[in-house]
Every structure is written in C-alpha cells, then in structure tokens.
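The next block holds one structure in the form of structure tokens; read it before the comments.
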Amino acid sequence: MKTTSKLPEKSEVLFSAKEIDLLVSKLAGEIGASLKGSERESIFICVLKGAWVFMADLVRKIPAPVEVDFLRASSYGQGTQSSGLVKVEIPHSLSVEGKDVYLLDEIVDTGRTLLELRGAFLAKGAASVKLVTLLDKKSRREVEIEPDFVGVEIPDVFVVGYGLDWSERYRDLPDIHSIITE
C-alpha cells in the first residue's frame, strides 16, 4: 500500500480533506449558478501541475456538462517564493474563441500567472475569462487582479498538499498543510 509523503516537522493542517470538499462544493454551486442561462459555450482550463486535483473534484460537482483542457504555467521553480517570471505553455490546439473561459488555479498569490493567462486568452478571442481559485493569498498580490470565484483567503504561509507541491513533493496529501520553511 502506498503511503503519503512525510512532511517536515514544522507543519500543520490548514484545511482537512473534509473542509476542502466543502470549499469545492461551495465553488461548484457558485459556478453552476453562473452557467445557468448562458448561451455561449464554456471551457474549464486547468493550470498544471498544481490545480489538477482541484479541477477533477470541482468539475464532478458542477451541475452541468463541462469541457475541460489543460495548460502549463509556473513561477516557482524549486523554491518557496515566486521567481516573478511566469513560464506559460498554451497548447496550439486549445480553442477558446467565442467561449467563456473558466481558468482554474489552485492558489493565487502574486497574481502574475493569472494576469498573463487572462490576457493571452482574451487575445485568442475568448468571450470572457473568469478566474477560479481554491486558495487566495491576497497579502502577496503584486498586480491588480481579483479572482471571480474564491474558495477561501489564506494568510501568507507556504502550503502543500491537495495538488500543491514543494519541489514536486507533497501533491499526494489529501489535506492542505502549512509549512514553516525558515
């Protein structure tokens, strides 16, 4: 049987799996309500790698059929602080023209990644781009951007689990943990 990753001693559960499930259900209800009556197609786009667990849970709870796709973006590398440089890989086959895009990221801190992606999708002809995040770390915002759908705002702590990683570790944890890195 597989065991989960061993966390550093200085860590604590910030959100349990049950609390995460409640946050995801709340978001699914809000997004489902926004989809009602829309005449346009919508597409849910997951920012890899961190948001895949969140996306899988969220789309199964939305009370409507959804189209999904994926892209890669990163700004952390191997550290615990954003490098400030956003690397984005949008597949050429990803079609958003005339669609309402729901862009899912597991956490928003500086906001640079979502700002860059929102601009890219609007330039590709998206009718709208709605930003969806499970965790919002407003205290770290460096650009003017606000997600349209937020699970919960968190303090300025480094978090892992539920898809969130530290140097590609801890994504497999069912809870979200804060880690003291100093």
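The values are calculated or read from the model by the stated rules, or taken from the named source; none is laboratory data. Because the structure is predicted, anything quoted here is derived from the model rather than measured. Glycine gets a Cβ as well: all are built from the backbone with ideal geometry, and neighbour counts include every protein chain shown. Only protein heavy atoms, including side chains, enter the accessible area calculation; ligands, DNA and RNA are left aside. Shrake-Rupley method; radii C 1.70, N 1.55, O 1.52, S 1.80 Å.
Details
- Rounded FRET efficiency, nearest 0.05, which uses the C-beta distance separating K87 from E19 and R0 of 25 Å: 0.20
- For V68, the residues whose modelled amide H falls within less than 5 Å of its own, excluding neighbours fewer than 5 places apart on the same chain, are F44.
- When only alpha carbons are used to place a centre, region 23-51 and region 111-137 end up 13 Å from one another.
- Rounded to the nearest 20 debye, the dipole magnitude of region 128-182 is 60 debye, with +1 charges on Lys and Arg beta carbons, -1 on Asp and Glu beta carbons, and the Cα centre as origin.
- The chain: relative contact order in percent, alpha carbon pairs under 8 Å with at least 6 residues between: 27 percent
- In the context of the full protein assembly, L117 retains an accessible surface of approximately 0 Å², using a probe radius of 1.4 Å and ignoring ligands and nucleic acids.
- The chain: antiparallel DSSP beta bridges as a percent of all, rounded to 5: 35 percent
- Each residue of region 162-174 was assigned a 3J(HN,Hα) from its phi angle through the Karplus expression (A = 6.51, B = -1.76, C = 1.60, θ = phi - 60°), giving 6, x, 6, 10, 9, 6, 6, 10, 6, 4, 7, 6, x Hz with x at Gly and Pro.
- Mean ellipticity per residue at 222 nm, deg cm²/dmol - from DSSP H runs of n ≥ 4 across the chain, formula -39500 (n - 2.57): -7000 deg cm²/dmol
- Simple spin-label estimate for A33 and D69 in nanometres, 7 Å along Cα-Cβ: 2.9 nm
- With a cut-off of 19 Å on the backbone N, the residues of region 156-175 near the modelled label site 7 Å out from W52 along Cα-Cβ are 160-175.
- The simple Förster model, with R0 at 35 Å and r as the Cβ-Cβ distance, assigns R60 and A123 a FRET efficiency of 0.70.
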